[in-house]
Structures are given as structure tokens and as C-alpha cells.
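Comments concern the structure below.
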Amino acid sequence: SDALDGYCARLLNARSTFGAMLDPIADKLLMLAVYGAFLVVGIALPRWFVIGILIKEIILIVLAGCAVLLAGRTIIVPQRLGKWAMTLQVLLVAAILLLRYGECALPAWFDYAIIAVFSIVCAALLRYLWSGMWLVFKKSY
């Protein structure tokens, strides 16, 4: 529904600053809620993964705050790698739900999928950090 929402907003030229700020926040809250629920009921994800995602989200929120304060930006433009990271997280959650709903054990390779998704999430974070530093330094000169 997130992709459909964005597509419709662009198609109907109904984009807004509020929507552009709310969309990534909603994505973050959704994923953190799902991961937290998985931990509570004991489903499939290692604690290091969930804690790592939580730390990443806190860093991104701080970075966005710095961009607003130091560079005067109210919207952080989503980057392709960040979108891929979010898509892969949604696919990971869908795979876990499908496998668990069918009462199947997670395949042996699933740990590697979790590591791969986490690696891409970390790469996206590094990309955002690099972009944020560039934005702040560009503004100061």
C-alpha cells in the first residue's frame, strides 16, 4: 500500500511536505512495531538484528534533525538504496509470516538472508550519513 500511495500522490500531483515527512516515519514505525512483535512472541529474528535496526532508525532521526537545524531542510529526499533496504525488510517480514503461518521451519539459509538484509540496511545508513555530511558541509561554505 505504501508504493501505491506514493504512486497515486505523484499521479494526481497530490504531494505535500507533510506527506513527504510522514511517509518515512510511518515506514519506520511499522517495521519497528513488527520487529518488536516478533521478539515478544518469539518469532525468527535475532535480537542483534532488531537492536541494529532500532539504532539505525535513531541515527536517521538524529540526522534528519541535524539537516533541519543546520541546513534548513525539512524534507530528506529518499535514496534508492534506502528504498531497497525498506523493500527487502518488508520481503523478509512477509517470508517469515508465510513460513510461520504454514507452520514451516525456517530454512537453513534464512540466517544468511537476515544477514544480507541487515548488510543492505547498514549500507543505506552509511549512504544517508554521507549525504547528510555533504549537505551540512555544502551549506556551511
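What the table shows:
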{"quantity": "Selection status of V136, hydrophobic (A, V, I, L, M, F, W, C), buried (at least 16 other Cβ atoms within 10 Å of the Cβ) and either assigned to a helix (DSSP H, G or I) or at pLDDT 75 or above (or both)", "calculated": "yes"}
{"quantity": "Among (1) of a type in the set (V, I, T); (2) closer than 13 Å to C122 by Cα; (3) open to solvent by 50 Å² or more (accessible area, probe 1.4 Å), the one test that V50 misses", "calculated": "(3)"}
{"quantity": "Long-range neighbours under 6 Å by Cβ, at least six apart or interchain, first residue free of Cβ contacts under 8 Å to residues at least 24 places away in the same chain within segment 47-61, second open to solvent by less than 20 Å² (accessible area, probe 1.4 Å) and part of a helix (DSSP H, G or I)", "calculated": "V50/Y35"}
{"quantity": "Unique match (being of a type in the set (A, V, I, L, M), within 25 Å of L126 (Cβ to Cβ) and open to solvent by 30 Å² or more (accessible area, probe 1.4 Å)) among L92, L97, L70", "calculated": "L70"}
{"quantity": "Cross-chain or 6+ apart pairs with Cβ under 7 Å, segment 104-124 first and farther than 15 Å from W48 by Cβ, then in a helix (DSSP H, G or I) and open to solvent by 60 Å² or more (accessible area, probe 1.4 Å)", "calculated": "I120/W84; A123/L81; A124/L81"}
{"quantity": "Residue check for V93: over 11 Å from the mean Cα position of the chain (by Cα), closer than 22 Å to I114 by Cα and touching a residue at least 24 places away in the same chain (Cβ under 8 Å)", "calculated": "yes"}
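The values are calculated or read from the model by the stated rules, or taken from the named source; none is laboratory data. Because the structure is predicted, anything quoted here is derived from the model rather than measured. Virtual Cβ from ideal backbone geometry, glycine too; neighbours counted across all protein chains shown. For accessibility, only protein heavy atoms count, side chains too; no ligands or nucleic acids. Shrake-Rupley method; radii C 1.70, N 1.55, O 1.52, S 1.80 Å.
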